[in-house]
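Below: the structure, in structure tokens.
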Amino acid sequence: MKVYLGKYQNDLYHQQVAYENLYNLHTHDNVIIGCDIETPSITDKQLLAIGFALPNDDAFGFSFDDPQLPWHLLVLPNISKVFHNGTFDLSFDTLGMYNVDYENIHDTAMIMRLLNYEVELAKATELYLDKYYQTEKVSDVLKKYNAHKMT
């Protein structure tokens, strides 16, 4: 399963172009992408999905069983990968078992800790990002849907 989130929400033609651009990112130099994985919980690290965000406001989500998941984005060293709390996402129990590139990684949580800034993603988004970007605490999302796990 894959999903597109971005400025072309109701435009299938431009969504297809966005996917083609995503799959061809390896042909460009100095590419920066945002990455985030989803697991059932902090203790159950079964990989469910991964999201990729591009600087042009296109974002994509893939389930880990999707044959079209663009693995090359995670393994090529010429692609800069930005995580928030990459220590979790890149641990051996999660992406670490898939030979991902560790040379070109940036971690916003680590940078924020070094600057003595708020690290919790929902709070950091509220304080440091534009009003059009939002995140929610996982605990709030689970409560909203009366769930105990991300699945």
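Data overview
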item	result
Charge sum, other residues only, whose C-beta stays under 14 Å from A18's C-beta, Lys/Arg counted +1 and Asp/Glu -1	-2
Sum of side-chain charges, H106 neighbourhood, beta-carbon under 15 Å (Lys, Arg +1; Asp, Glu -1)	-3
Directionally averaged shadow of the chain, computed from the convex hull of its alpha-carbon atoms, nm²	9.8 nm²
Inter-probe distance in nm under a simple model that places probes 7 Å from Cα toward Cβ, at Y98 and N85	1.9 nm
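Readers should treat all values here as calculations from the given coordinates under stated rules, not as data from a laboratory. Predicted, not measured: the structure shown is a model, and the values here were computed from it. When we count neighbours, we look across all protein chains shown, and the Cβ atoms used for this are built from the backbone with ideal geometry, even at glycine.
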